[in-house]
Amino acid sequence: MRDQFQSPIVLLGARLLSPYIMVFGWYVIFHGHYSPGGGFQGGALLAASLLLIRVAGGSTLAELQIKEFATTPLAIIGVVIYFTTGLAAMMMGGYFLDYAQLPIPGMEADWLRYTGILIIEVGIGLAVMAILVMIYDNMVRGEDYG
Amino acid sequence: MVYAASDLPYRGDPDNRMHAEQSITGTPVIGNYAIKNAYRDAHTPNMVTVILGDYRSIDTFGEQVVIFTAGMITLLVLRRNRKRLE
């Protein structure tokens, strides 16, 4: 195996870029109603910002951001957010994922649909981010420098 | 191919086959319902988001479950378990 060593220049560049990529990822998720974007794309950007630190800094630094055991529950939470939104609409008497029946008081049907789309996009973003980070963590396990 | 492409209908023509209320075989299809009603239904200017998140939301849920399953499979396949290998 090739020698592995930590490069401060690469780490500095990754630390500079990573927060901006993460903010842009949240922007892509939450602005998906008005511009191209959505949960999948925004989740991939969030994962990119986390993976940049993981690649540049190694696993001890990455443990400070999102711990390795936390990615699987995050992915499950993302799927459950989506499913619960659909189930809540079904419990209130509509079809599955019929957002007009969501139990949020004081909103018209069209604004309820607006909110429902936003909720599921956040769920998708969380799941995609956690899954991509989880795949990377599983691939480098044991071969990473400290 | 260029000759065939010259015979394609104009993009955005409302008389195109894909905007019709009925398909060639006579079954009712969605046509341009989404283009007409996306903003009225969900107050969202990006109609792709409305189709992805609202009209076709069960399909999107399936996509999310596919990604989730892929992650779970990598967890099963790539996790090193030295004890069982020896």
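Read-outs throughout are calculated quantities, based only on the coordinates presented, and are distinct from any laboratory measurement. These numbers come from a predicted model, not from an experiment. Cβ placement follows ideal geometry from the backbone for every residue including glycine, while neighbour counts extend to all protein chains displayed.
If r is the Cβ-Cβ distance from residue B:32 to residue B:7 and R0 is 30 Å, what FRET efficiency results, to the nearest 0.05?
Values: r = 22 Å, r/R0 = 0.74.
Approximately 0.85, to the nearest 0.05.
Sort A:134, A:139 so that the residue with the fewest other Cβ atoms within 10 Å of its own Cβ comes first and the one with the most comes last.
Working: A:134 24, A:139 11.
Going from sparsest to densest Cβ surroundings: A:139, A:134.
Would you mind giving the mean number of other chain beta-carbons within 10 Å of the Cβ of each residue in A:108-120, as a whole number? Walk me through the numbers on the way to the answer.
Values: counts 1, 2, 6, 2, 2, 7, 8, 2, 4, 11, 3, 1, 7.
Average neighbour count from other chains, rounded to a whole number: 4.
Can you give the angle from 0 to 90° between the axis of helix B:57-78 and the longest principal axis of chain B, with both taken from C-alpha atoms, to the nearest 10?
20
Starting from the 7 Å offset along Cα-to-Cβ, what nm value, one decimal, do you get for the label separation of residue B:63 and residue A:87?
Rounded to a tenth, the inter-label distance reads 2.4 nm.
Arrange the following residues from fewest to most other Cβ atoms within 10 Å of their Cβ: A:66, B:35.
Ascending Cβ contact count within 10 Å gives the list B:35, A:66.
Would you mind ranking B:13, A:110, B:41, B:7 so that the residue whose beta carbon has the fewest other beta carbons within 10 Å leads the list?
Values: B:13 10, A:110 15, B:41 20, B:7 6.
Listing B:13, A:110, B:41, B:7 from fewest to most nearby Cβ atoms yields B:7, B:13, A:110, B:41.
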